[in-house]
Amino acid sequence: MAARLLRPLPRLKPFNRLQVILQHLKMCKHTDSSDEVLLEKKGGAGIITLNRPKALNALNLSMIQQIYPQIKAWEQDPETFLIIIKGTGGKAFCAGGDIRAITDAGKVGDKLAQDFFREEYTLNNAIGTCKKPYVALIDGITMGGGVGLSVHGHFRVATEKTLFAMPETAIGLFPDVGGGYFLPRLSGKIGYYLALTGFRLKGRDVLKAGIATHFVESEKLPDLEKDLIALKSASKENIADLLNSYHEKSKIDQEKEFVLDEHMEKINSLFSANSVEEIVKKLKEDGSPFAIKQLETINKMSPTSLKMTLRQLREGASMSLQDVLTMEYRLSQACMRGHDFYEGVRAVSPSQRLLCTW
């Protein structure tokens with residue numbers, strides 16, 4: 001079954017040229033502050049603002065269909081030197097995807113369950129291959145779909161408010177949006193640990209894990225944005241220099257030890273096994289408080305998701321981003337046809353559903 005799910009698919013199709021042109025024309029008009037996503041041009045910067053604060057800026061299909069062609073238009077625009085993406089509301093960059101809509105669509109076989117994943121992954125690939133410098137200000141909750149909007153770009157700026165996680169194994173899914181690409185490329189077995197347990201990283205730990213490229217205090221982000229917009233020559237080097245200057249001035253939690261430091265030896269050993277059964281066996285044999293806690297966590301996850309996720313990361317470690325996203329699209333559709341995803345969503349409380357997204 002797993003081998004069949006992982007065989008190659010045809011390349012994900014990009015949006016057509018007409019969509020790019022129409023989106024560019026739309027962006028040139030007045031942007032309504034009530035729109036779910038705001039697309040603006042300031043100086044040489046194209047700015048994407050996720051604008052669903054009551055929904056923690058959760059990503060829906062309409063937002064994806066606006067963001068993708070705009071990125072493509074800016075990429076081809078000689079007067080756009082960089083792209084900035086951020087969220088409104090102060091609580092979240094983007095807490096994930098619109099789980100309720102996907103769940104309802106999947107139950108009745110609605111086309112949305114296909115369209116959402118396909119177009120989201122196409123957007124993720126566009127970010128990962130973007131020719132213009134791409135700066136994600138991941139201030140606040142950044143999970144699932146929000147990770148896909150940020151982690152594949154050139155620069156990811158975390159703050160003391162950043163809360164990062166890929167909690168999909170708890171709802172019968174897997175850490176998608178290119179999780180199979182970036183997670184196995186993190187230091188040691190951190191990525192495998194984060195993927196299987198859904199462990200949450202906060203603030204400067206997001207930088208220390210290798211997910212963020214910079215750490216800047218939240219209150220300094222407006223100044224940083226102004227300085228990015230004001231850059232006369234927005235090369236990757238100049239942007240990096242500016243981000244580095246802000247990073248070096250940020251003192252919050254500067255001396256704090258990485259939350260996983262004391263456990264890294266165990267993580268690298270326990271999560272290096274070739275199967276979920278072996279990982280469980282190693283955790284039981286270890287018997288330390290840390291191992292027992294991870295065992296308790298894993299026992300709450302979907303067994304199918306755990307097996308799928310481990311295989312996804314092992315395969316993805318040697319694949320290109322686009323090939324990983326193609327693989328993940330096939331896996332997403334298998335999940336939509338299965339049982340665990342719908343049961344996982346039903347089992348979590350309504351207040352948690354936004355935090356258990358992709």
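The values are calculated or read from the model by the stated rules, or taken from the named source; none is laboratory data. Only a predicted model underlies this, so the values are computations on that prediction, with no experimental measurement involved. We place every Cβ from the backbone using ideal geometry, glycine too, and count neighbours over all the protein chains shown. The accessibility values were calculated without ligands, DNA or RNA, using every heavy atom of the protein model including side chains. Shrake-Rupley method; radii C 1.70, N 1.55, O 1.52, S 1.80 Å.
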Qualifying residues in the stretch 273-320 (those that are open to solvent by 10 Å² or more (accessible area, probe 1.4 Å), under 30 Å from Thr129 (Cα atoms) and not hydrophobic (A, V, I, L, M, F, W, C)) - the one nearest to the chain's Cα centre (by Cα)
Ser320
Unique residue being under 22 Å from the mean Cα position of the chain (by Cα) and touching a residue at least 40 places away in the same chain (Cβ under 8 Å) when the list is Asn60, Asn51:
Asn60
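Can you tell me which residue in the stretch 151-186 is farthest from the chain's Cα centre (by Cα), limited to those that are open to solvent by 10 Å² or more (accessible area, probe 1.4 Å) and of a type in the set (A, V, I, L, M, F, W, C)? Walk me through how you get there before you give the answer.
At the first step, the residues of the stretch 151-186 found to be open to solvent by 10 Å² or more (accessible area, probe 1.4 Å) are 151-152, 154-156, 160-161, 163, 167, 170, 181-182, 184-186.
Narrowing the set further to residues that are of a type in the set (A, V, I, L, M, F, W, C) leaves 151, 155, 163, 170, 182, 186.
On the way: Val151: 6, Phe155: 13, Leu163: 12, Ala170: 16, Phe182: 10, Leu186: 14 Å.
So, considering only residues that are open to solvent by 10 Å² or more (accessible area, probe 1.4 Å) and of a type in the set (A, V, I, L, M, F, W, C), the one farthest from the chain's Cα centre (by Cα) is Ala170.
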One residue is enough: does the stretch 250-268 have a residue meeting the conditions in contact (Cβ under 8 Å) with a residue 24 or more places away in the chain, buried (at least 17 other Cβ atoms within 10 Å of the Cβ) and among the basic types (Lys, Arg)?
yes
Which listed residue, of Asp253, Asp205, Asp241, Asp223, is over 19 Å from Leu149 (Cα atoms), touching a helix residue (DSSP H, G or I) at 6+ places or on another chain (Cβ under 6 Å) and among the charged types (D, E, K, R):
Asp253
Filtering strands (runs of 3 or more DSSP E) wholly in the stretch 30-135 for at least 2 residues that are charged (D, E, K, R) gives 37-42
Lys189 vs. criteria free of Cβ contacts under 8 Å to residues at least 60 places away in the same chain, open to solvent by 10 Å² or more (accessible area, probe 1.4 Å) and over 11 Å from the mean Cα position of the chain (by Cα):
no
Of all helices (runs of 4 or more DSSP H) completely enclosed by the stretch 254-358, which ones contain at least 2 residues that are at pLDDT 95 or above?
264-270, 276-286, 289-298, 303-316, 321-337
Report, by residue number, each residue of the stretch 109-124 that is within 27 Å of Leu221 (Cβ to Cβ) and either of a type in the set (S, T, N, Q) or open to solvent by 40 Å² or more (accessible area, probe 1.4 Å) (or both).
Asn124
Yes or no: Ser150 touching a Gly at 6+ places or on another chain (Cβ under 7 Å) and not in a strand (DSSP E or B)?
no
Search result, residues across the stretch 192-216 that are buried (at least 18 other Cβ atoms within 10 Å of the Cβ) and charged (D, E, K, R)
Arg204, Asp205, Lys208
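I need the full set of residues from the stretch 161-193 which are assigned to a helix (DSSP H, G or I), farther than 13 Å from Ser272 by Cα and not hydroxyl-bearing (Ser, Thr, Tyr), in order please.
Once the filter is applied, which keeps residues that are assigned to a helix (DSSP H, G or I), farther than 13 Å from Ser272 by Cα and not hydroxyl-bearing (Ser, Thr, Tyr), the stretch 161-193 yields Glu168, Ala170, Ile171, Gly179, Gly180, Phe182, Leu183, Arg185.
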Enumerate the pairs (first residue in the stretch 219-231 and at pLDDT 95 or above and open to solvent by 60 Å² or more (accessible area, probe 1.4 Å); second residue anywhere and assigned to a loop (DSSP other than H, G, I, E, B) and of a type in the set (Val, Ile, Thr)) with beta-carbon separation below 9 Å, excluding pairs fewer than 6 apart on the same chain, so at least 6 apart or on different chains.
Glu219/Thr159; Lys220/Thr159
Checking Gly46, Gly90, Gly106 in turn, the sole residue that is modelled with pLDDT of 85 or more and buried (at least 17 other Cβ atoms within 10 Å of the Cβ) turns out to be Gly46
